[in-house]
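**Q** Here it is: the structure, laid out below.
The values are calculated or read from the model by the stated rules, or taken from the named source; none is laboratory data. Quick caveat: nothing in here was measured; it's all calculated off a predicted structure. Note that each Cβ is placed from the backbone with ideal geometry, even for glycine, and that neighbours are counted across all protein chains shown. Side chains included, ligands, DNA and RNA excluded: accessible areas come from the protein's heavy atoms. Shrake-Rupley method; radii C 1.70, N 1.55, O 1.52, S 1.80 Å.
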Amino acid sequence: MSPSDTTPRYSVPGLGVKKGGRVIELLQPRLHALNDLALTLKHIHWNVVGPNFIAVHEMLDPQTAAVRSMADGTAERISALGGEPHGTPGALVSERTWDDYSIGRADALAHLGALDLVYSGVVTDHRSAAEEVASIDPVTEDLLIGHLRSLEQFQWFVRAHLENSSGTLVQAGASSEVEAAEATSPVRKTTSKKTTGTKTTSTKRATKTDRQMDHLRRRLLGRPSQR
């Protein structure tokens with residue numbers, strides 16, 4: 001079977017090769033999306049920094065493992081239907097309809113803002129596939145519904161970091177990963193030279209006062225002062 005041909009020579013009993021081929025055609029992009037998501041989650045796991053580092057770093061490993069398991073189940077379903085799952089990096093890059101994840105080393109919240117958009121894309125396309133396949137193959141529909149249950153829960157975990165007390169996502173309205181990252185990335189204040197100078201002057205004044213008090217104390221006690 002060529003990569004462009006999804007019609008199998010056989011399929012599961014009661015389905016037929018034509019319907020089986022259509023299910024395979026729907027599942028192959030889902031396999032690419034899941035493989036891509038697993039790699040993206042690991043990329044974020046390696047590149048997250050900032051105060052929320054450990055929470056996000058450790059949250060993403062179970063998600064990665066679960067998504068890899070989803071990809072495995074999807075590929076095996078394609079094979080069971082008589083198809084040929086395409087799982088190579090080259091097939092993923094050439095057949096996908098989206099760009100690479102665009103955020104590198106960044107604050108934890110910036111990554112989560114961008115990841116929320118990634119999950120939204122995967123969940124939306126998974127739902128579309130599940131709706132179409134429902135009238136063709138309930139077994140595959142059940143597979144995708146199981147995926148959606150976990151994917152939506154994972155997105156909830158992500159969004160819990162991004163939701164404010166009024167129930168609004170801070171990156172709401174962002175149309176790209178970069179926009180979402182910028183909307184959620186905390187602004188870290190740096191000490192200006194003026195502030196630093198003020199602090200230094202205050203420290204010098206405090207030190208001078210301490211020396212004067214020490215000198216007075218030693219005079220009262222009859223001890224020589226130290227310079």
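**Q** With the Cα gyration tensor of segment 68-151 in hand, give its eigenvalues times 5 under a square root as the equivalent ellipsoid semi-axes, listed largest first in whole angstrom.
**A** That gives 26, 17, 11 Å for the three semi-axes.
**Q** Need the C-alpha centroid separation for segment 100-158 versus segment 43-57, integer Å.
**A** 20
**Q** Continuing with the same structure: Using a Förster radius of 22 Å, what is the FRET efficiency between Ser176 and Arg105 based on their Cβ-Cβ separation? Nearest 0.05, please.
**A** 0.75
**Q** At 7 Å along Cα-to-Cβ for each site, give me the label-to-label distance between Arg9 and Ala65 in nm.
**A** The modelled label-to-label distance comes out at 3.9 nm.
**Q** Keeping every protein chain present and rolling a 1.4 Å probe, give me the accessible area per residue for segment 60-114 in Å².
**A** Working: 2490 Å² over 55 residues.
With all protein chains present, segment 60-114 gives 45 Å² per residue.
**Q** What order, most packed first, do the peptides 101-113, 135-147 have when packing is the mean number of other Cβ atoms within 10 Å of each residue?
**A** Values: 101-113: 20.7, 135-147: 17.5.
Highest mean packing first, the order is 101-113, 135-147.
**Q** Would you please state which residues of segment 27-42 a label at Gln153 would reach in this model, taking the label point 7 Å out along Cα→Cβ and a backbone N cut-off of under 18 Å?
**A** 38
**Q** Now for a different question. Quick one: length gained pulling Ser79 to Ala160 fully straight, 0.36 nm per residue minus the C-alpha distance?
**A** Between Ser79 and Ala160, full extension yields 25.5 nm more.
**Q** Right, next: Starting from the Cα of Trp98, step 7 Å along the direction of its Cβ; do the same at Glu58; then give the gap between the two resulting points in nm.
**A** Distance between label points: 2.8 nm.
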